[in-house]
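*Asks:* Pasting a structure below so you can have a look.
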Amino acid sequence: MDASTTPTGIEVSNKDQVLEISWEDGHTSIFPLPGLRKNCPCVTCRGGHGSMGEFEPEAFFEENPMRIEIRNIEQVGNHAIKITWGDGHDSGMYQWETLRWLDPENHK
Ligand SMILES: [Zn+2]
C-alpha cells in the first residue's frame, strides 16, 4: 500500500459532523458527515452501478446540510471501513483508496 492511502488514524465527531482520517503521508482528510453519507459507494446509493471505483461525487459543502450521525465504523480487512449511519444504512464499504480520492479538498 501507498502512504497516501494508508491511514494512521481515524476520528469521528457526531457533534461537529465530521470524520477525520490522517494518512501516512502526513495529509488529513476532513469529511463532513452528510457529504460522506451522500457519497456512499454502495450499489444502492450509486444507482445500481456497482462501482467500487471512482464516480462523480456529490457536493460536500451545502448551505443547510442535513445532520447525520455515524453509529459505528468497522474495519473490513485492511483495505476498507464499513460505516453504519444513524439512518440505519450500513452497506457502504469505503475503501481507503476511495476515501483518499473522495477527500473534499479534491472536489471543491
Ligand atoms: Zn449506500
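The values are calculated or read from the model by the stated rules, or taken from the named source; none is laboratory data. All of these numbers come straight from a predicted model, not from anything done at the bench. Using ideal geometry, Cβ is built from the backbone for each residue, glycine included, and neighbour counts are taken over all protein chains shown. Surface areas here come from the heavy atoms of the whole protein model, side chains and all, with no ligands, DNA or RNA. Shrake-Rupley method; radii C 1.70, N 1.55, O 1.52, S 1.80 Å.
*Asks:* Could you list, in sequence order, the residues of the stretch 50-108 that are assigned to a strand (DSSP E or B) and polar (S, T, N, Q)?
*Replies:* Result: N72, Q75, T84, Q95.
*Asks:* Please verify whether the stretch 54-64 includes one or more residues that are under 21 Å from T5 (Cβ atoms), away from the ligand (no atom under 13 Å from the Cβ) and either at pLDDT 95 or above or open to solvent by less than 40 Å² (accessible area, probe 1.4 Å) (or both).
*Replies:* Checking the stretch 54-64: at least one residue is under 21 Å from T5 (Cβ atoms), away from the ligand (no atom under 13 Å from the Cβ) and either at pLDDT 95 or above or open to solvent by less than 40 Å² (accessible area, probe 1.4 Å) (or both).
*Asks:* Here is a follow-up. Looking at the stretch 26-49, I want the residues that are away from the ligand (no atom under 14 Å from the Cβ) and have a partner that is open to solvent by 60 Å² or more (accessible area, probe 1.4 Å) and of a type in the set (F, W, Y) with Cβ atoms under 8 Å, at least 6 apart or on another chain. Which pairs are those?
*Replies:* If the second residue must be open to solvent by 60 Å² or more (accessible area, probe 1.4 Å) and of a type in the set (F, W, Y), the pairs left are P32/F61.
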